[in-house]
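Contents: one structure, followed by commentary.
The values are calculated or read from the model by the stated rules, or taken from the named source; none is laboratory data. Just so it is clear, the structure is predicted and the values come from calculations on it, not from any experiment. Neighbour counts are summed over all protein chains in view; Cβ atoms, including those assigned to glycine, are modelled from backbone coordinates with ideal geometry.
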Amino acid sequence: MIDKLAVFAEELDLIQDKDVRAFTEKCILRTPDYFYRVPASSTGKYHPEYSLGEGGLIRHTKALICFAKELLSLEYNKTRFTSLEADIMIAAGILHDSFKHGDNYSQYSVANHPVVAADHILEWAEGSEREFAKIISDCVRSHMGEWNTDYKTKQEIMPKPQTDMEMFVHECDYLASRKNIIVKDIEYNPNDFIINEAAAVIEQIIALCKEKIANGTDRKVLLKLIDDNNNSNADPRTIHTLAEAEKILKLIKEM
């Protein structure tokens, strides 16, 4: 399991409005797991090299936010967009390609992926969130700009940007997808963000072992039990899976 909020920690820090940030975090936690591992382009045709390979779609997303951050620092854009509008566009940038392979992971990019993501953003909004969630979803829905037709039928399936905010997100996405523009220092490896789901249970195992030993259980017996159920390793911190940890915890409790 990937620590999804940790992946976007730097980007989330750019969002000043606490409500927009909280909603963006809620959306990030609901994004599909594949988002954090797939390349930005399933064919390799349409994106720079750094956004290909495992984790490439996240690197592309981070590049988009880099462009947005730089452009929003310009005096012209500071007067053009309010702080809230800037936050909304950052949120849209983070979420724009989160369903690129659809709800159920298609092998290739889904043509209407902006619509899928935008619909989910609206679906997840509650109460007062709906007001800014609608703007986020509109920016996501239109982020493809002029490339808004179905790959096969050539029928228009998405709207083109209509507002300054929608056009801004589209332009940042366009810049991040150009092969001749290389964004330096965009680093992301999904394996660096893996959460050890077994960690909490391992701590319970260690605490229970200490308790058992304090109450007279032979330490060697406990170590042998762990060793027998952990690939011949008596150190509980080397347990890899949640299932293994839960099994060992259950066996120790039954002693």
(Q) Just to be sure before I move on: is Ile206 in the same structural domain as His96 (by TED's automatic domain parsing), of a type in the set (Val, Ile, Thr) and either at pLDDT below 95 or outside any helix (DSSP H, G or I) (or both) in the structure I sent? (A) no
Q) In this structure, is Val221 more than 37 Å from the chain's Cα centre (by Cα), assigned to a helix (DSSP H, G or I) and touching a residue at least 24 places away in the same chain (Cβ under 8 Å)? A) yes
Q: Check off (1) assigned to a helix (DSSP H, G or I); (2) out of contact with any Lys or Arg (no Cβ under 8 Å at 6 or more places or on another chain); (3) surrounded by fewer than 23 Cβ atoms within 10 Å (Cβ to Cβ) for Thr61 and give me the number that stays unchecked.
A: (3)
(Q) Taking the conditions exactly as written (closer than 30 Å to Phe81 by Cβ and touching a Phe, Trp or Tyr at 6+ places or on another chain (Cβ under 9 Å)), does Asp173 satisfy them or not? (A) yes
Q: Output the number of the condition that Glu187 fails; it satisfies all remaining conditions of (1) surrounded by fewer than 15 Cβ atoms within 10 Å (Cβ to Cβ); (2) among the charged types (D, E, K, R); (3) modelled with pLDDT of 90 or more; (4) part of a helix (DSSP H, G or I).
A: (4)
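Listed here are the residues, each with its yes/no results for (1) surrounded by fewer than 14 Cβ atoms within 10 Å (Cβ to Cβ); (2) under 23 Å from Leu122 (Cα atoms).
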site	(1), (2)
Gln16	yes, yes
Cys27	no, yes
Pro32	no, yes
Val38	no, no
Ser41	no, no
His47	no, no
Leu57	no, yes
Q: Among the residues of region 39-60, count how many are hydroxyl-bearing (Ser, Thr, Tyr) and closer than 17 Å to Tyr151 by Cβ.
A: 4
Q: Quickly run through region 4-31 and pick out the residues that are part of a loop (DSSP other than H, G, I, E, B), among the acidic types (Asp, Glu) and in contact (Cβ under 8 Å) with a residue 24 or more places away in the chain.
A: Asp17
Q.
Return the residues of region 8-37 that are under 17 Å from Glu131 (Cβ atoms) and of a type in the set (A, V, I, L, M, F, W, C); say none if nothing qualifies.
A. Ile15, Val20, Ala22, Phe23, Cys27
Q. Polar (S, T, N, Q), part of a helix (DSSP H, G or I) and surrounded by fewer than 22 Cβ atoms within 10 Å (Cβ to Cβ) - does that describe any residue in region 68-76?
A. no
Q) Of the residues that sit in region 227-255 and are assigned to a helix (DSSP H, G or I) and more than 35 Å from the chain's Cα centre (by Cα), which one is surrounded by the most Cβ atoms within 10 Å (Cβ to Cβ)? A) Ile252
Q. Can you pull out the residues in region 142-164 that are out of contact with any Asp or Glu (no Cβ under 6 Å at 6 or more places or on another chain) and under 14 Å from Leu64 (Cα atoms)?
A. Met144
